[in-house]
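Presented below is the structure to which this report refers.
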Amino acid sequence: MIVLAGTIGAGKTSLTEILARELPATAFYESVDDNPILPLFYKDPKRYGFLLQIYFLNSRLDQLRQAQALPASILDRSIFEDVLLFQLNADLGRATQTEVDIYRSLVDNMLAELPNGAGIQPPDLLVHVRVSLDTMLARIKKRGRPFEQIENDPALYEYYQDLNARYDQWFDDYDRSPKMQIDGDRYNFVEDPKARQAVVEQVQSAVADLAQD
């Protein structure tokens, strides 16, 4: 089981499609376009922030249970970075620290290792797609979701800037599984076939190393 991580616009969904085809593996995608809470959150973050996190938590737990039962699976985002996102919302006044603390405790309890090996298992590999702020903003603009556009809400610039900066520390601290990082600025795997092949080979090499351990 492979999980992808990265900021908004990093290319996680595209890389999931690529890796699912090349490995091969069954792909699982984040609920965004069919998420009824997300547009409400962008209109009133303080009111809907906690509800959005619970919605994602429920969705991700369901995906993880399905994914870990398969011989090979890949998720375009998982539960492991959600606390980072929610903490940022609290720091920007879009949620309370009490809500974040409750959510963090809930996630830790759900991911706690059980004596019989039941429950949610950590991934075999986490792949972090790292991109610069400029690349992030360009991709957000290109995909065109109205509620993500800075033109519609200038305050989103600060949010995107802070979010992108925090991912480096998050990746350094992540210790639930083996991990690797893809340079999303250097390798435009969405549009460049050579870059796509290079990234696929990097992931395949990491998976092969895991099989030898």
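Would you check which residues across region 176-187 are free of Cβ contacts under 8 Å to residues at least 40 places away in the same chain and either outside any loop (DSSP other than H, G, I, E, B) or surrounded by 15 or more Cβ atoms within 10 Å (Cβ to Cβ) (or both) and list them?
The answer is Y187, and nothing else.
Of the residues that make up region 13-33, is at least one β-branched (V, I, T) and touching a Ser or Thr at 6+ places or on another chain (Cβ under 8 Å)?
yes
Filtering region 1-31 down to residues that are in contact (Cβ under 8 Å) with a residue 60 or more places away in the chain and part of a loop (DSSP other than H, G, I, E, B), which residue is surrounded by the fewest Cβ atoms within 10 Å (Cβ to Cβ)?
Restricting to residues being in contact (Cβ under 8 Å) with a residue 60 or more places away in the chain and part of a loop (DSSP other than H, G, I, E, B), the top hit is L23.
Would a scan of region 46-58 turn up a residue that is over 16 Å from the mean Cα position of the chain (by Cα), surrounded by 15 or more Cβ atoms within 10 Å (Cβ to Cβ), under 21 Å from Y103 (Cβ atoms) and hydroxyl-bearing (S, T, Y)?
Yes: one or more hits.
For region 73-83, give me each residue that is touching a residue at least 60 places away in the same chain (Cβ under 8 Å) and not basic (K, R).
S73, I74, L75, D76, S78, F80, E81
Just name the residue that is surrounded by the most Cβ atoms within 10 Å (Cβ to Cβ) out of those in region 118-151 that are over 23 Å from D33 (Cα atoms) and free of Cβ contacts under 8 Å to residues at least 12 places away in the same chain.
Here the answer is G119.
Among I37, I74, which is closer than 30 Å to A211 by Cα, touching a Leu at 6+ places or on another chain (Cβ under 8 Å) and surrounded by 15 or more Cβ atoms within 10 Å (Cβ to Cβ)?
Being closer than 30 Å to A211 by Cα, touching a Leu at 6+ places or on another chain (Cβ under 8 Å) and surrounded by 15 or more Cβ atoms within 10 Å (Cβ to Cβ) holds for just one of I37, I74, which is I74.
Give the residue that is nearest to the chain's Cα centre (by Cα), with candidates limited to residues of region 134-181 that are of a type in the set (F, W, Y) and farther than 30 Å from D124 by Cα.
Step by step, filter region 134-181, then rank; the result is Y159.
Look at region 188-207 and say how many of its residues are over 15 Å from T16 (Cα atoms) and assigned to a loop (DSSP other than H, G, I, E, B).
Counting residues in region 188-207 that are over 15 Å from T16 (Cα atoms) and assigned to a loop (DSSP other than H, G, I, E, B) gives 1.
Given the condition part of a helix (DSSP H, G or I) and under 25 Å from E148 (Cα atoms), answer yes or no: does some residue in region 102-114 qualify?
yes
Return yes when N89 is buried (at least 17 other Cβ atoms within 10 Å of the Cβ) and either part of a helix (DSSP H, G or I) or over 13 Å from the mean Cα position of the chain (by Cα) (or both) and no when it is not.
So N89 fits the description; yes.
Suppose we keep only residues that are in contact (Cβ under 8 Å) with a residue 40 or more places away in the chain and among the aromatic types (F, W, Y) within region 32-59. Which one would you say is farthest from D124 (Cα to Cα)?
That would be Y42.
Just wondering, is there one or more residues in region 161-175 that are assigned to a loop (DSSP other than H, G, I, E, B) and touching a strand residue (DSSP E or B) at 6+ places or on another chain (Cβ under 7 Å)?
Yes, there is a match, as at least one residue in region 161-175 is assigned to a loop (DSSP other than H, G, I, E, B) and touching a strand residue (DSSP E or B) at 6+ places or on another chain (Cβ under 7 Å).
Go through region 182-211 and count every residue that is within 19 Å of M1 (Cβ to Cβ), of a type in the set (A, V, I, L, M) and touching a helix residue (DSSP H, G or I) at 6+ places or on another chain (Cβ under 8 Å).
Going through region 182-211 one residue at a time, the tally reaches 4.
FYI, it's all coordinate maths here, none of it is from the lab. This is a predicted model, so every value here is computed, not measured. Methodologically, a virtual Cβ is constructed for each residue, glycine included, from the backbone with ideal geometry; neighbour enumeration extends over all protein chains shown.
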